[in-house]
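Read the structure below first, then the notes.
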Amino acid sequence: MEIYQLLPKTNCKKCGKSTCMAFAVALLSWEVAVEDCPPLKDVEFKNNYEKLLEMVAPVEGSTETGLIVHEDKCFGCGNCVVACPVNVANDPHGAGIGRAPTNDKLILRVEDGIVRAFNIQECRRFGENRILCNLCIITCPTEAIEFV
Amino acid sequence: MELGKFLTAPEYGFVIVTYRDIFQSAALEKSRFGEEYRKLSAVIKMDSGDIKKLGVVEGDTVVVKNACGKVVVRVEESGYDVPHQGVAYMPNSPWSNSLVSADTGGTGVPKYKMIKVMVSNARGEAITGMM
Amino acid sequence: MVNCLNKNYYVCTGCALLCDDIEVEVSGDHITKIKTVCRKGFSRIGGCIEPMPCTSDGKSVDITTAIKDAASILMNADNPLIFGLGNSTSGAQKQAIELAKRIGAVIDDSSSFCQGPIIEAILHEKIHTCTLDDVRNRADVIVYWGADPSNSHPRHLSMHSYFPRGEERQHGWEDDRTAIAIDVRRSHTAKICGNRFYQIPLHTDAFLIEALIDALSGKVPKVPFEYDIKKILELANVLKKAQFGVIFAGLGVVYSIGDMGTMTRLMDKLNEVSNFHLIPMMGHYNMRGFNQNLFEATGYFNRVKFEKRENGFDVKHGVDYSIMEVLNTKKTDAALIIGSDPMSCLPRSTAEYLSEIPLVSIGPCENFTSRVAKVTIPSALSGVECGGSAVRMDGVKVTFEPMIKTARLSDEEILKRIMEAI
Ligand code: SF4
Ligand code: SF4
Ligand code: SF4
């Protein structure tokens with residue numbers, strides 16, 4: 001609970017939650033934002049505040065399926081791009097055979113050396129018939145993809 | 001008083017294996033003289049047991065030396081699941097190459113992946129600069 | 001540039017995979033976006049922040065003066081050395097070989113202290129090899145041995161060796177391919193291989209090879225270190241059952257076994273019981289091109305000296321003409337370094353000698369070597385600012401066009417002009 005450690009831990013309730021722990025949990029599910037904690041804006045918490053913003057940033061940037069790309073870890077190797085079954089089905093002659101995408105229907109593609117997510121509604125973890133697909137995670141050399 | 005400063009830190013023998021790291025290679029393409037390349041190159045990855053033995057923590061500097069040269073680099077935990085006491089890893093760079101012997105035993109190939117060194121706590125000494 | 005589906009694809013020269021499906025968006029002279037390129041290639045194409053200056057004796061000069069001064073250094077030397085060229089086009093390499101003949105130089109490249117032994121075995125057809133396209137279309141058992149392509153050749157697994165669907169591998173990697181890593185540490189590539197990772201102690205590759213040969217011959221394998229023999233038998237069994245097997249040999253195994261004799265015997269054995277190929281994990285994008293071009297010109301793939309005679313020259317070859325030996329023995333009295341940084345990649349005590357002799361350094365970016373050079377000449381970044389051709393790690397020739405324009409000359413043009421000035 002790194003997030004909790006960075007909060008004031010005074011349980012002041014100014015954020016509307018009963019405890020700092022509850023606020024931390026709410027932060028993780030993006031129910032609240034870092035700014036919603038008033039004491040954090042005091043100078044004494046300046047460092048913590050910035051750290052928290054950094055930590056929550058990728059979470060806020062995530063998509064409905066909760067797919068997060070840790071850009072700083074990504075090699076741009078394309079393993080996830082080629083291993084994703086949806087990519088293969090939607091682009092059998094591009095991503096499916098390991099090459100550049102030939103259409104815009106991919107979920108994952110590499111640009112400027114880093115993987116990026118598009119068309120996330122196509123992901124097998126999403127929608128009515130969702131399954132717990134993890135192929136893009138287990139093929140990644142560096143744990144750059146995560147689902148929250 | 002930091003009495004320890006005046007005592008010589010104990011030295012331990014290691015074998016260094018060099019490896020490639022994509023982030024270091026990417027930094028190299030951008031600038032060989034930059035801070036990023038230095039940060040990613042002047043590193044030694046060790047077994048957690050060895051780090052304790054040296055009396056340092058991750059991020060501290062250590063002196064790595066042998067008859068060929070001496071460099072001060074930053075310690076990192078290797079994170080490998082199998083313990084590898086006595087074996088340490090350094091990315092291939094001018095820092096690791098300072099420790100490689102010119103003697104190739106008549107083969108013309110230096111022993112890049114088998115560098116015998118002594119390592120000790122650098123007690124805060126700064127990372128060696130290259131040029 | 002391959003034109004397909006109305007898209008222009010470029011080639012990345014970030015490593016010897018020479019990925020040929022790169023899309024770039026350009027505005028003016030700037031690249032604004034690069035698609036399908038890995039982190040390493042992105043960084044190479046982006047270029048450096050310390051471009052090579054044009055200097056002679058520490059002073060800024062125009063290119064004509066720099067070329068004239070470079071020529072006079074090389075002309076006045078008794079034992080010049082030409083080194084580098086792994087990051088140059090084949091055209092530049094051929095030009096450099098001609099220059100070496102003209103001035104009676106030693107010519108060598110970094111294969112001299114890395115993949116040399118494998119390339120020799122392959123060029124002499126002692127080892128069965130294949131192309132990366134064969135691997136993609138047919139390979140079912142893939143061995144990364146002492147290699148970590150995830151870091152050194154990032155798209156290796158996704159474009160060629162493990163994840164893509166291929167003609168005879170339609171079901172994808174989960175069902176159709178087995179990836180195996182043999183290494184001294186759990187590298188990023190080894191992680192992907194999961195429980196098909198065989199960790200061995202430092203410098204024991206030769207013992208593992210012997211044990212595998214025994215196992216493949218139906219004998220009980222043994223190794224002089226603690227190891228579960230069952231694992232070796234299991235590995236031998238997977239190799240034996242391969243329909244189309246390939247070993248990607250990295251520096252880890254090359255440095256460990258020294259000469260290729262043991263590996264050649266393993267390959268022979270594997271081809272007796274199944275069907276196996278070996279591809280060297282060449283680093284620089286055109287290192288293999290240098291080896292092949294020199295081989296075509298002389299019959300040797302590196303470590304060559306053109307010894308001048310009254311009319312013509314003798315070709316000498318051997319360890320005495322390796323960059324390590326000519327610098328260690330201080331025989332070299334001037335050097336031309338092209339697209340390479342020996343000051344940073346050779347043992348420091350060997351490289352330091354370079355700062356004692358007149359040096360000419362050609363390349364797109366400043367480096368440790370150029371900082372001690374007498375003459376520095378900026379060249380176009382090949383694959384980005386100039387086109388040409390190169391040889392991929394598997395021996396396939398790839399041609400490429402520049403992505404953007406530059407005023408800088410290519411290595412080839414510079415070498416040609418040095419030649420003219422001699
Ligand atoms: S979870 Fe499965 S479907 Fe979704 S992006 Fe990853 S590999 Fe593709
Ligand atoms: S997320 Fe992982 S698998 Fe995908 S490109 Fe990045 S490093 Fe490779
Ligand atoms: S794998 Fe090599 S050639 Fe391919 S994009 Fe990356 S650096 Fe470039």
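Overview of values
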{"quantity": "Nonlocal amide H pairs with C:Phe244, under 5 Å, H built at 1.01 Å", "calculated": "C:Asp140, C:Val141"}
{"quantity": "³J(HN,Hα) computed for each position of region C:76-92 - Karplus, 6.51 cos²θ - 1.76 cosθ + 1.60, integer Hz, glycine/proline x", "calculated": "7, 8, 8, 10, x, 10, 10, 9, x, 6, x, 10, 10, 6, 4, x, 5"}
{"quantity": "B:Lys52, C:Lys269, reordered so the largest accessible area comes first (probe 1.4 Å)", "calculated": "B:Lys52, C:Lys269"}
{"quantity": "Accessible surface of C:Ile31 - all protein chains present, 1.4 Å probe, nearest 10 Å²", "calculated": "50 Å²"}
{"quantity": "Cα-based Rg of region A:67-147 normalised by 2.2 N^0.38 Å, two decimals", "calculated": "0.99"}
{"quantity": "Whole-number accessible area per residue in Å² for region C:332-422, which is evaluated in the context of all protein chains at 1.4 Å", "calculated": "31 Å²"}
{"quantity": "Among A:76-87, C:333-344, the order from most to least packed when residues are scored by Cβ within 10 Å on average", "calculated": "A:76-87, C:333-344"}
{"quantity": "Relative contact order %, region C:236-376, counting alpha carbon pairs below 8 Å whose residues are six or more apart", "calculated": "14 percent"}
{"quantity": "Compactness of region C:298-344, expressed as Rg and Dmax over alpha-carbon positions, Å", "calculated": "12.0, 38"}
{"quantity": "Relative contact order (%) - chain C, alpha-carbon pairs under 8 angstrom, separation at least six", "calculated": "25 percent"}
{"quantity": "Partner chain coverage, peptide C:320-328 - average Cβ within 10 angstrom", "calculated": "3"}
{"quantity": "Helix-only mean residue ellipticity at 222 nm for chain A, each DSSP H run of n ≥ 4 adding -39500 (n - 2.57), per residue, nearest 500", "calculated": "-7500 deg cm²/dmol"}
{"quantity": "Interface burial for C against A (accessible surface, 1.4 Å probe, total of both chains, Å², rounded to 100)", "calculated": "2400 Å²"}
{"quantity": "Neighbouring partner chain Cβ atoms per residue of A:77-90, average, 10 Å criterion", "calculated": "5"}
{"quantity": "Region B:3-121, relative contact order [Cα under 8 Å, separation at least 6], %", "calculated": "40 percent"}
{"quantity": "Hull shadow area, averaged, chain A [alpha-carbon convex hull, nm²]", "calculated": "10.1 nm²"}
{"quantity": "Estimated translational D of region C:334-390 in µm²/s (Stokes, Kirkwood radius over Cα pairs; 37 °C; 0.692 mPa s)", "calculated": "278 µm²/s"}
{"quantity": "Inter-chain shielding of B:109-117 (mean C-beta neighbours from other protein chains, 10 Å cut-off)", "calculated": "5"}
{"quantity": "Inverse of mean 1/r across different Cα pairs in region C:185-230, Kirkwood, Å", "calculated": "11.6 Å"}
{"quantity": "Whole-Hz couplings from phi, Karplus 6.51/-1.76/1.60, listed for region C:63-71; x for Gly and Pro", "calculated": "4, 5, 5, 4, 5, 5, 5, 4, 4"}
{"quantity": "Kirkwood-based Rg to Rh ratio, region C:133-281, C-alpha trace", "calculated": "0.94"}
{"quantity": "Solvent-accessible area, 1.4 Å probe, carbon plus sulfur percent, for the protein assembly as shown", "calculated": "49 percent"}
{"quantity": "Hull shadow area, averaged, the protein assembly as shown [alpha-carbon convex hull, nm²]", "calculated": "35.1 nm²"}
{"quantity": "Heavy atoms of A:Ile107 accessible to a 1.4 Å probe, total area in Å² rounded to 10", "calculated": "10 Å²"}
{"quantity": "Exposure rank, largest accessible area first [C:Ser43, B:Ser101; 1.4 Å]", "calculated": "B:Ser101, C:Ser43"}
{"quantity": "Mean-position separation - Cα centroids, region B:89-131 and region A:114-140, in angstrom", "calculated": "44 Å"}
{"quantity": "Rg/Rh ratio calculated on Cα atoms of region B:45-111 (Kirkwood radius)", "calculated": "1.02"}
{"quantity": "Karplus (6.51, -1.76, 1.60) ³J(HN,Hα), θ = phi - 60°, over region C:22-30, in Hz, Gly and Pro reported as x", "calculated": "8, 9, 10, 10, 10, 10, x, 9, 10"}
{"quantity": "Relative compactness, region C:271-391, computed as alpha-carbon Rg over 2.2 N^0.38 Å", "calculated": "1.26"}
{"quantity": "Chain-alone versus full-assembly comparison, region A:106-139, residues with accessible loss of at least 20 Å² (1.4 Å probe)", "calculated": "A:Val110, A:Glu111, A:Asp112, A:Gly113, A:Leu135, A:Ile138, A:Thr139"}
{"quantity": "Spherically averaged projected area in nm², based on the convex hull that wraps the Cα atoms of region C:1-125", "calculated": "11.7 nm²"}
{"quantity": "For region B:3-121: accessible area per residue (Å², 1.4 Å)", "calculated": "42 Å²"}
{"quantity": "Region B:3-121: proportion of alpha-carbon pairs further apart than 19 angstrom, %", "calculated": "47 percent"}
{"quantity": "Cα radius of gyration and Dmax for region C:207-288 (Å)", "calculated": "13.5, 42"}
{"quantity": "Heavy-atom accessible area ranking, 1.4 Å probe, most first, across C:Asp29, C:Asp175", "calculated": "C:Asp175, C:Asp29"}
{"quantity": "Ratio of Rg to Rh over chain C (Cα coordinates, Kirkwood Rh, two decimals)", "calculated": "1.00"}
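The values are calculated or read from the model by the stated rules, or taken from the named source; none is laboratory data. Just so you know, these numbers come straight off a predicted model, no measurement behind them. For neighbour counting, all protein chains shown are included, and Cβ atoms are generated from backbone atoms with ideal geometry for every residue, glycine included. For accessibility, only protein heavy atoms count, side chains too; no ligands or nucleic acids. Shrake-Rupley method; radii C 1.70, N 1.55, O 1.52, S 1.80 Å.
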